[in-house]
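Heads up, the thing below is written out as structure tokens.
What follows draws every value from the coordinates through simple rules; no lab data is involved. Fair warning: this is a prediction, and the values are worked out from it, not measured in the lab. Cβ: placed from backbone, ideal geometry, glycine included. Neighbour counts: every protein chain shown.
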């Protein structure tokens, strides 16, 4: 599976309008593309930032799809990043299921990427799933630059904040993770 992240800074006072466009226009359009598997819209209202994540079955499906531009008049073109989905442990989306997301960014030495991915898959994700309120997780990797993004989903902000991120990848990483938290505003 492959993922594309579209990252946007939203102008002040336009977050709700932008999220409505994602729900009403962008997600239905993206769902119609061949190979579509899943989408998440994450919002950090304090930072005026949105991350739209679309998952596709193959890299060819991701590359072949038509980019939507519904939000461009508000926020301009997004910063776009593409990843392989290295680990996926998420139930099917249901209304109201995941409400918050913790996003961990890590830099991994290129010669240790396989080890880091195995560690996430075999140790980190199973432990995260046992924590109260866990709603799944995914790990995205860019083997060309050593970047890994681990996203854990939670039912409530309190459960997310009470959870302890496992530190299994700390010894492999090129430094501590950068952690951000988001509201999950839409899933498809």
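Between residue 179 and residue 34, how high is the FRET efficiency from 1/(1 + (r/R0)^6) when r is the Cβ-Cβ distance and R₀ = 41 Å? Nearest 0.05.
Rounded to the nearest 0.05, the efficiency is 0.75.
Once you place label points 7 Å from the Cα toward the Cβ at residue 72 and residue 145, how far apart are they in nm?
Between residue 72 and residue 145, the simple spin-label model gives 2.2 nm.
What's the center-to-center distance, using Cα atoms, between the stretch 9-33 and the stretch 108-157 in Å?
Using only Cα atoms to place each centre, the spacing works out to 26 Å.
Calculate I(q)/I(0) for the stretch 115-188 by the Debye formula, one identical point scatterer on each C-alpha and no solvent, and give its log10 at q = 0.22, 0.26 Å⁻¹ to two decimals.
These q points yield log10 I(q)/I(0) values of -1.09, -1.39.
Using 1/(1 + (r/R0)^6) with R0 = 35 angstrom and r between the beta carbons of residue 114 and residue 159, what's the FRET efficiency to the nearest 0.05?
So, using R0 = 35 Å, E works out to roughly 0.65.
Kirkwood Rh over alpha-carbon pairs of the stretch 11-106, then Stokes-Einstein at 37 °C and 0.692 mPa s: what D in µm² s⁻¹, rounded to an integer?
Translational diffusion coefficient: 223 µm²/s.
Per-residue ellipticity at 222 nm for the chain, helices alone: DSSP H runs ≥ 4 residues times -39500 (n - 2.57), over residue total, nearest 500 deg cm²/dmol?
Value at 222 nm, helices only, nearest 500: -5000 deg cm²/dmol.
Can you put 33, 2 in order, fewest other beta carbons within 10 Å first?
Lowest count first: 33, 2.
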